[in-house]
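First comes the structure, then the notes that go with it.
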Amino acid sequence: MTLPKLATTVIGSYSMSAWLERAKNEYLARKVSRHDLDEMYDAARKAAIKDQEVAGVDVVSDGELHRDNMIDYFAERIPGVQVDHGSKRLYYDFFESVVRSKLATASLGLADEVRFLQKFTQHTAKISVTGPHALVKRLRNEHYPSEDAFALDLARVMNAELREMVRVGATHIQIDEPYYSGFSEDLAWAVKAINALVDGVNAHITLHICYGNRYGKPSFEGSYRYLFPRILEAKVSAISLEFARRGEDDLQLFKEFQVPFALGMGVIDVKTHDIESPGMVADRIRRALDVIPPERLMINPDCGLVHLPRDVAFRKLASMAEGARLVREDLGK
């Protein structure tokens, strides 16, 4: 499917309903069966896709509602990561996970997510994966000599899965790295790990870098200036950054450093329930167009929508899509 200029997308996660949160916690307490939980996941993911389609989003996700969080979903799938399944009571907490030997390569099951989206939407779809840097910061390392060695081996293992995702039809893949902003000193090896992760992966690759969204609150603050010029070495199609919450001053970095890849611009603040108007979204996009041409600008929320009520998440996406349409209409005049 050909995407329009200023195509809209999501970061990945969609609103987590209270009934699904309860089911996840009851599963951990062995009060709900895996079969029943999977049926709930199936229904919730289909509903998330439909909400995005109706809101007018161009590139959709499955809402990631079958994932407890961005770490455990991968820790449980990577051979060589030992997960203590009794170490948490609430689904959004992190398991205690440790690596004591070299990681092995095996299917991580992400190709099944591609197939799910192919089955239930005709829209262009995107799958998000947690990046090596974020995993290194959350998994206890008792084997590798350094964080960068650990990250490169994680990238090796996950690269095989990304290639398999493309083989079964994935066209858009996003890598989530929420901890760069708190550990800027890691950026040199973190970018090398990204490049190892995407080596030979023939898809539109977006690198999403935010300031954290744990329980709907930022983990870090600051400017994106720390990314430059090192981030220019990343072999990606686009980087997705948050601007709605923080303001647009950092847009000038794209002009200053002549950034060669596209920008996924955050125009929706996911840390407030206030609904942006289409006009507000359109104004934010127009200010970005002073720096970045429309063919290199995609429109998205600052981060995932998991912590927002469903009606709020939907209305925010609808405003985002309408705001992009308004600017698109202006460009066509």
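The values are calculated or read from the model by the stated rules, or taken from the named source; none is laboratory data. In this text the structure is predicted, and so the values were computed from the model without any measurement. Cβ placement follows ideal geometry from the backbone for every residue including glycine, while neighbour counts extend to all protein chains displayed. Ligands, DNA and RNA are stripped out before the accessible areas are found, and what is left, the full protein with its side chains, is counted by its heavy atoms. Shrake-Rupley method; radii C 1.70, N 1.55, O 1.52, S 1.80 Å.
Given the pairs LYS192/LYS255; LYS119/LYS333; LYS126/LYS271; LYS119/LYS316; LYS119/LYS217, which are separated by over 32 angstrom at their Cα positions? Please list the in-between numbers first.
Details: LYS192/LYS255 24 Å; LYS119/LYS333 37 Å; LYS126/LYS271 23 Å; LYS119/LYS316 26 Å; LYS119/LYS217 34 Å.
In this structure, LYS119/LYS333; LYS119/LYS217 lie more than 32 Å apart at Cα.
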Considering the chain as a Gaussian network with a 10 Å cut-off on Cα pairs, which listed residue, SER101, SER319, SER128, attains the greatest mean-square fluctuation?
SER101
Specify whether the C-alpha gyration tensor of the range 150-245 places it in the rounded, prolate or oblate class, a ≥ b ≥ c being the square roots of the eigenvalues: rounded for a/c under 1.5, otherwise prolate if a/b is larger than b/c and oblate if not.
prolate
Mind putting a number on the dipole of the range 281-333 about its Cα centre? Charges go on the C-beta only, +1 for Lys and Arg and -1 for Asp and Glu, and I need it in Debye to the nearest 20.
60 debye
In whole Hz, with x marking every Gly and Pro, tabulate ³J(HN,Hα) for the range 285-301 from phi via Karplus 6.51 cos²θ - 1.76 cosθ + 1.60, θ = phi - 60°.
5, 4, 5, 5, 5, 5, 10, 10, x, x, 6, 10, 10, 10, 10, 8, x
Computing the accessible area with a 1.4 Å probe over protein heavy atoms, can you report the carbon and sulfur percentage for the chain?
49 percent
First select every other residue whose beta carbon is under 15 angstrom from the beta carbon of ALA29; then total the charges, Lys and Arg +1, Asp and Glu -1.
+2
Heavy-atom accessible area per residue of the chain, all protein chains kept, 1.4 Å probe, expressed in Å², is 42 Å²
The local net charge around GLY222, scoring Lys/Arg +1 and Asp/Glu -1 for residues other than GLY222 whose Cβ lies under 14 Å from its Cβ, equals -2
Treating the Cα atoms of the chain as identical point scatterers in vacuum, please give the log10 of the normalised Debye intensity I(q)/I(0) at q = 0.07, 0.10, 0.15, 0.16 Å⁻¹, two decimals.
-0.26, -0.55, -1.33, -1.53
Place the peptides 208-214, 287-293 in order of packing, highest mean first, counting for every residue the other Cβ atoms within 10 Å and averaging per peptide.
208-214, 287-293
Using only Cα atoms, what is the ratio of the radius of gyration of the range 105-168 to 2.2 N^0.38 Å?
1.33
Put +1 on the Cβ of every Lys and Arg and -1 on every Asp and Glu Cβ in the chain; which of GLN174, ALA55, LEU263 then has its Cα farthest towards the positive end of the dipole?
ALA55
Label-point gap, in nm, between ALA160 and HIS273 - each point 7 angstrom along Cα→Cβ
4.7 nm
For the range 50-182, what size does the Cα cloud have along each of its three principal axes, sorted from largest down, in whole Å?
47, 33, 28
Note, ³J(HN,Hα) from phi for the range 49-54, Karplus 6.51, -1.76, 1.60, rounded to Hz, x at Gly and Pro
4, 4, 4, 5, 4, 5
Once you mark the GluC sites (Glu not before Pro) that are in a DSSP loop and have at most 13 other Cβ atoms within 10 Å, what is the longest gap between them in the chain?
1-141
How large are Rg and Dmax for the range 230-333 when only the alpha carbon atoms are used, in Å?
13.7, 40
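Could you calculate the contour length gain from ARG30 to THR2, that is, 0.36 nm times the residue separation minus the distance between their Cα atoms, to one decimal place in nm? Show your work: numbers first, answer last.
On the way: separation 28, 0.36 × 28 = 10.08 nm, distance 4.54 nm.
Between ARG30 and THR2, full extension yields 5.5 nm more.
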Can you check how the C-alpha radius of gyration of the range 287-333 compares to 2.2 N^0.38 Å, as a plain ratio?
1.34
Trypsin sites (Lys or Arg not before Pro) restricted to DSSP loop in the range 93-127 with at most 13 other C-beta within 10 Å:
ARG100, LYS102
Taking 0.36 nm per residue of separation and subtracting the Cα-Cα distance, what length does fully extending ASP330 through ARG22 add?
106.3 nm
Between GLU185 and ALA47, what is the label-point separation in nm under the 7 Å Cα-to-beta-carbon projection?
4.6 nm
Specify whether the C-alpha gyration tensor of the range 1-102 places it in the rounded, prolate or oblate class, a ≥ b ≥ c being the square roots of the eigenvalues: rounded for a/c under 1.5, otherwise prolate if a/b is larger than b/c and oblate if not.
oblate
Given the whole protein assembly as supplied and a 1.4 Å probe, what does the accessible area of LEU103 come to in Å², nearest 10?
10 Å²
